[in-house]
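Beneath this line is the structure, given in structure tokens, with notes to follow.
The values are calculated or read from the model by the stated rules, or taken from the named source; none is laboratory data. Just so we're clear, the structure is a prediction, and the values are computed from it rather than from any experiment. Virtual Cβ from ideal backbone geometry, glycine too; neighbours counted across all protein chains shown.
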Amino acid sequence: MAGKRIDIMDLRQLIILKRDGASNRKIGELLHVSRNTVNTYCRLLDGLKLEPANLLAMDDAALKELCAPESEVSAERYESLASQFEYFTTELGKPGCTLLTLWQEYRQRQSSGYGYTQFTHHYNLWARKLNPSGKLEHKAGQKLFIDYTGKKLSIVNRETGEIQSADVFVAILPCSQYTYVEASENQQRHNLLASLGRCIDFFGGCTEAIVSDCLKSAVSKTSRYEPVINKSLKDFALHYGLVVDPARPYSPQDKALVENAVHLVYQRIFYPLSKMTFFSLIELNAAIAELLVKYNNYI
């Protein structure tokens, strides 16, 4: 019957057969289940918008929960989760917060709540409906997005014990999401240019353009239509044969990628470094470089 739950091994076989182009009728015959049951699972799988390889890589428990027929989904359990979506959105706006952290908090309150896979699936569906947007296509080697993190790292003066703040420069290649991070004394123009130079060395070449988030050290005069780039940065761009393209004010899609990278930097670089003490920028950047290798291997 429609909505009948099938064995997890049969479910994996169904995914493989569907991936290989078998018809729903043929799948039903091979698995000895009704075509209506196959139709139910195929509609559910299509709605997940996940590649077969991603589904097959899940463990049995996660796949079983994710692919439960709608007739088995508890409306009460979903309503309880949905009532917290706005809270999750607010928390995700805070540095370092992740869906995994929120799910752990949710399960502490509701031990019988959704597993992590279903939790993220339901939240992401809700979030996409709330904030629909088109997908931006990025060509390899075309742009480099740059920004500074809102939060700062710290250096301790070895002689006086004074704590000095350090600004953190972040650059990301949008196609590969390969990222560069370094700390500097401040965001003044000469430090921005030095960071950009080391960034280009790190990536091993230049993109066609640099997109900045209207940084004070990059833009002399902001404008909705034609921001004025400072002369030093123009000279830098001319030397490397590239252009500077400030992100447009009031256009968050222009800078969402680098802002997302900043959030990941908080999680994977700032947090580990918060447990350590550094006495110079050289020490701090050496530690950042080690974590950056792991960061780029992870993406």
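Values computed for the structure shown
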{"item": "Complete set of residues in segment 140-157 that are over 16 Å from residue 273 (Cα atoms) and either surrounded by 19 or more Cβ atoms within 10 Å (Cβ to Cβ) or at pLDDT 90 or above (or both)", "result": "143, 144, 145, 146, 147, 148, 157"}
{"item": "Checklist (1) assigned to a helix (DSSP H, G or I); (2) surrounded by 14 or more Cβ atoms within 10 Å (Cβ to Cβ); (3) of a type outside the set (Val, Ile, Thr) applied to residue 100, failing item", "result": "(2)"}
{"item": "Count - residues of segment 26-41 that are surrounded by fewer than 16 Cβ atoms within 10 Å (Cβ to Cβ), part of a helix (DSSP H, G or I) and touching a residue at least 12 places away in the same chain (Cβ under 8 Å)", "result": "3"}
{"item": "Segment 24-50, residues that are out of contact with any Lys or Arg (no Cβ under 9 Å at 6 or more places or on another chain) and either under 22 Å from residue 117 (Cα atoms) or modelled with pLDDT of 80 or more (or both)", "result": "26, 39, 43, 44, 46, 47, 48, 49, 50"}
{"item": "When residues of segment 245-284 are limited to those that are among the charged types (D, E, K, R), part of a loop (DSSP other than H, G, I, E, B) and under 29 Å from residue 231 (Cα atoms), the one modelled with the highest pLDDT", "result": "245"}
{"item": "Close pairs from segment 3-16: first of a type in the set (D, E, K, R), partner modelled with pLDDT under 85 and not in a helix (DSSP H, G or I), Cβ under 8 Å, at least 6 apart", "result": "4/33; 4/34; 4/69; 5/68; 5/69; 10/33"}
{"item": "Top-ranked residue of segment 100-128 - restricted to ones that are more than 22 Å from residue 60 (Cβ to Cβ) and of a type in the set (A, V, I, L, M), ranked as modelled with the highest pLDDT", "result": "102"}
{"item": "Number of the condition not met by residue 182 [criteria: (1) over 17 Å from the mean Cα position of the chain (by Cα); (2) at pLDDT below 90]", "result": "(2)"}
{"item": "Boolean, residue 106 is under 16 Å from the mean Cα position of the chain (by Cα), surrounded by 16 or more Cβ atoms within 10 Å (Cβ to Cβ) and among the aromatic types (Phe, Trp, Tyr)", "result": "no"}
